[in-house]
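The values are calculated or read from the model by the stated rules, or taken from the named source; none is laboratory data. Keep in mind it's a predicted model, so treat the numbers as computed, not measured. As a convention, Cβ positions derive from the backbone with ideal geometry for all residues, glycine included, and neighbour counts pool all protein chains shown.
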Amino acid sequence: MNFGRHISGQFNAELESIRTHVLTMGGLVEQQLSFAMQALHKEDIELAKQVVRDDHKVNAMEVSIDEACTRIIAKRQPTAKDLRLIMAIIKTITDLERIGDVSTRIAKGALKMPTSKERQFHVSLEPLCRLAVNMLHQVLDAFARMDVDAAAAVYKMDDRLDAEYEAVVRQLMTYMMEDPENIPHIMQVMWSARAIERVGDRCQNICEYIIYFVKGKDVRHLGEQSIDDALR
């Protein structure tokens, strides 16, 4: 992690412990998302049940890390970069927990046995799913190294995710016009597509937190150009 050493060895240990726990939580969330996508596409009921069962682990990690950050703020009264690190972690685990919620809801949808027609709608989500999982993997790698250049690259990946999402929506709209009887089923798939697209937005948020920690610049809501400017 890109933070300086402190006179207090215990403070260093506390920061390193929190970092480790965030990466562990991120790894579990990435696994949850990947498993949920597999369960949806392969109609794997057992895998879907596993994702639902493990959701409490993600929630417990968020609470535990949040409490650890609160203790550090109360005991160490961090300033400057240390405080930015703690704030970036608190915000990051919130986004990770919400990605975990998306995974659980997709897994619950996979538990409903689809008809043969519904399966063709699910297939349309595969490219979108792959992009979302890849984006999450890369942003977690950027967070592990607190690499602002990698974070900026991941941030821009969301354009591809958005384009794929729009293509999926157009395809699903065509299906609805061709056969209105399938509208209820297609709407469920469209919700899943929207949830997956939101994973990209959550990843962008984490990119912004990385830049905030390293550069001390708040680039939220300012777009790609402001991020490029912050890295100069």
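Couple of notes before you dig in:
- Residues that are at pLDDT below 90 and aliphatic (A, V, I, L, M), drawn from the stretch 194-219: V219
- Failed condition for L161, given (1) touching a Lys or Arg at 6+ places or on another chain (Cβ under 7 Å); (2) at pLDDT 95 or above: (1)
- Residue within the stretch 144-154 that is part of a helix (DSSP H, G or I), touching a helix residue (DSSP H, G or I) at 6+ places or on another chain (Cβ under 8 Å) and not aliphatic (A, V, I, L, M) present: no
- Condition check for L96: in contact with an Asp or Glu (Cβ under 6 Å, 6 or more places away or on another chain) and buried (at least 22 other Cβ atoms within 10 Å of the Cβ): no
- Filter result for L172 (at pLDDT 95 or above and assigned to a helix (DSSP H, G or I)): no
- E16 being exposed (fewer than 13 other Cβ atoms within 10 Å of the Cβ), under 21 Å from I86 (Cα atoms) and not aromatic (F, W, Y): yes
- Residue that is farthest from the chain's Cα centre (by Cα), among those in the stretch 19-42 that are surrounded by fewer than 16 Cβ atoms within 10 Å (Cβ to Cβ) and over 25 Å from T92 (Cβ atoms): K42
- Per-region count, the stretch 146-169, residues over 16 Å from S124 (Cα atoms) and free of Cβ contacts under 8 Å to residues at least 12 places away in the same chain: 1
- Residue count, the stretch 149-164 (criterion: buried (at least 21 other Cβ atoms within 10 Å of the Cβ) and either under 13 Å from I211 (Cβ atoms) or touching a Ser or Thr at 6+ places or on another chain (Cβ under 7 Å) (or both)): 3
- The set of residues from the stretch 64-86 being hydrophobic (A, V, I, L, M, F, W, C) and either at negative phi or not in a helix (DSSP H, G or I) (or both) comprises I65, A68, C69, I72, I73, A74, L83, L85, I86.
- Selection of the stretch 43-55 for residues being more than 22 Å from G200 (Cβ to Cβ) and buried (at least 22 other Cβ atoms within 10 Å of the Cβ) yields only A48.
- Scan of the stretch 76-123 for residues that are modelled with pLDDT of 90 or more and basic (K, R), ordered by number: R84, K91, R98
- Test result for A144, within 21 Å of G109 (Cβ to Cβ), surrounded by fewer than 20 Cβ atoms within 10 Å (Cβ to Cβ) and among the aliphatic types (A, V, I, L, M): no
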